[in-house]
Amino acid sequence: MTAPTVLERKTMGTAALTVFACAASALMVVLLGSIPATYASTGVIALPLLFVLVGAVIALLSVGYTAMARRVRHPAVYYAAIAHGLGRPVGMAGGLVALLAYNGILISEYGLFGFTANNLFKAGPWWLWALGAAAIVAAFGMRGIAASTIFLTIVFGVGVLIVVLFDSAALTDPAGGQLTTAGLSASGLTGAVGGGVAYVIASLMGFELPGAFTEERQTEQAPTRAIFIALAVLVGTYAITAYALLAEVGPDQAAAADPHTLLNAHYGPEMGPWADFALLLAICTSMLAFHSTSNRYVLAISRERVFPQWLTHTGKDGRGSSPVAASWMQTAISVVVILGFAISGADPVQTLFAWFSALGALGLLALLILTSLAAFLTLPSSGPDRVGPLARVVAPLLGLAGGLFVLGEMIYNLDALLGSKGATHWVIPIVVLVVAVIGLIWGLYLRGAHPQIYREIGRGVPVAASVVDVRLSHLPL
């Protein structure tokens, strides 16, 4: 008897999953990059309020996402949930878009890491630092998830400490000696609000990652709790930090605010290098989180024979641990892209980071909307698995309305994220659409040519009783 290709059981509790999701968002990246860039490029003063409003829409969409995740119990949540709710070909399209999005965000951060390391250490080209980061991520990605979680927790704690120091200093020493209300008023939602929405969406993506750890969760409720706790933590932290920056310099100077300068002013010039070093670590944790999630998608889809079977290989003689083959493949893709951008001479931040992160954020938002629609169409209203009207109807419909509006704003204002003018930003939604069409065609092909594989799309979940607990893996089967 051979064990199915599975992952380590009961290794991820609510706390670990929450840290994983928060680390994916990279607090230091948002503090030192996204928030000041949003003020500078959009002119939106009420950014704290915008974080809360967009966060509320994402929370509504998350109700359907988590309900479907509990129902399908599949590591590739978007793929399986959409397949169950909207049909297997659409699910196949969703799976490819999810892989595109997660890999897009991951690869974009290699560019940001290389640029930051080059500036901090004043040595070596950016792409050499990026390749080093890829090697570190691959090393962690091919080990058990427990080791990665310990690293993420430590680095996340350092990032939280620096953010708290910044917020405390800014809020206790506001411009003019008095806290402003500008960031909390709807009248401050002026300027390029759509661009602000695009930045906020990009900052929050990653909160949903706990859904991919369905086989490694300690309890049934752990991923759902982690998703909503992480979303609340991220929205609250970013709203407070955006307000702190606004209060520190005043609404008129927000566009020119530099968190590095403010940290140095309060804590001394040595704080600048420490903040940059913490930024590098935060980028690493975010890359590791997206790398791990992408690998689980590849493993789960490959088990259904939609992808080549060699991608199902894991450590510990195939009994558990981590998706080793998927990790190797993802690392190879990243290396090829990094070298391609290096050879072309493209800017690692303005091209690699900006374009690929926007691609990932747009793809994930579209998938959240589709999953919410699947929840509305699929969740049962009666029987032992019935779902209440709030999760089945109210939240999905409100989320769909708000999500479609936010998606439209994001697409129309992608140039704010990309720093480009003209029609070039339409390339990103076109790429997402093309990948979705490829997935749809592949699903339709499988329906005719390989009906047995087609029937398994989104359904290839190991029976719980047959899953080996790696803590007992030394025993004969």
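Could you line up Leu152, Leu379, Leu179 from fewest to most neighbouring Cβ atoms inside 10 Å? Intermediate results must be reported in sequence, preceding the final value.
Details: Leu152 27, Leu379 23, Leu179 17.
With the sparsest Cβ surroundings first, the list reads Leu179, Leu379, Leu152.
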Discussion item. Only four residue types carry charge here, +1 at the Cβ of Lys and Arg and -1 at the Cβ of Asp and Glu. Report the dipole size of segment 15-462 about the Cα centre in Debye, rounded to the nearest 20.
Written reply: 1700
Worksheet item: Mean residue ellipticity at 222 nm from the helices of the chain, using -39,500 (n - 2.57) per DSSP H segment of n ≥ 4 over the full residue count, to the nearest 500 deg cm²/dmol?
Response: -22500 deg cm²/dmol
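At a 10 angstrom cut-off on C-beta neighbours, averaged per residue, how do the peptides 70-81, 38-49, 346-357, 248-259 rank from highest to lowest? Numbers along the way, then the final one.
Working: 70-81: 26.8, 38-49: 23.1, 346-357: 20.9, 248-259: 17.2.
Ranking the peptides 70-81, 38-49, 346-357, 248-259 by packing returns 70-81, 38-49, 346-357, 248-259.
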Worksheet item: Ranked by Cβ crowding within 10 angstrom, fewest neighbours first, how are Arg455, Arg386 ordered?
Response: Arg386, Arg455
Worksheet entry | Positive-end residue of Val29, Leu373, Ile333, charge dipole of the chain with Cβ unit charges | Leu373
Response to the item:
Among Ala175, Gly196, Thr153, the residue whose Cα sits farthest towards the positive end of the charge dipole of segment 141-253 (+1 at Cβ of Lys and Arg, -1 at Cβ of Asp and Glu, taken about the Cα centre) is Thr153
Worksheet item: Size of segment 251-322 along its principal axes in angstrom, Cα-based, largest extent first?
Response: 57, 28, 12
Worksheet item: By Kyte-Doolittle mean hydropathy of at least 0.5 and Cα axial length of at least 24 Å, which whole DSSP H helices of the chain are selected?
Response: 47-72, 88-121, 145-172, 222-249, 271-303, 324-344, 354-378, 395-412, 427-449
Worksheet, complete the sentence: So for R0 = 35 Å, FRET eff. of Asn264-Val52 from the Cβ-Cβ r, to 0.05, ends up at 0.75
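Rounded if a/c is under 1.5, else prolate if a/b is larger than b/c, else oblate: which is segment 296-428, with a ≥ b ≥ c the root eigenvalues of its Cα gyration tensor?
Numbers: a/c = 3.61, a/b = 1.12, b/c = 3.23.
The shape class here is oblate.
How much FRET efficiency would the formula 1/(1 + (r/R0)^6) give for Ala332 and Leu377, where r is the Cβ-Cβ distance and R0 is 41 Å, rounded to 0.05?
About 0.60, to the nearest 0.05.
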Practice prompt. Would you mind computing Rg(Cα) / (2.2 N^0.38 Å) for segment 15-462, counting N as its residues?
Written response: 0.95
Discussion item. Can you sort Ile333, Ile58 from fewest to most other Cβ atoms within 10 Å of each residue's own Cβ?
Written reply: Ile333, Ile58
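Could you tell me the calculated FRET efficiency between Ala232 and Ala139, based on Cβ-Cβ distance and R0 = 45 angstrom, to the nearest 0.05?
Values: r = 32 Å, r/R0 = 0.72.
Approximately 0.90, to the nearest 0.05.
The numbers here are math on the coordinates, done by the rules we state, and not lab data. Since the structure is predicted, the reported quantities are computational estimates derived from the model, not experimental observations. Reconstructed Cβ throughout: ideal geometry from the backbone, glycine too, with neighbour counts over all protein chains shown.
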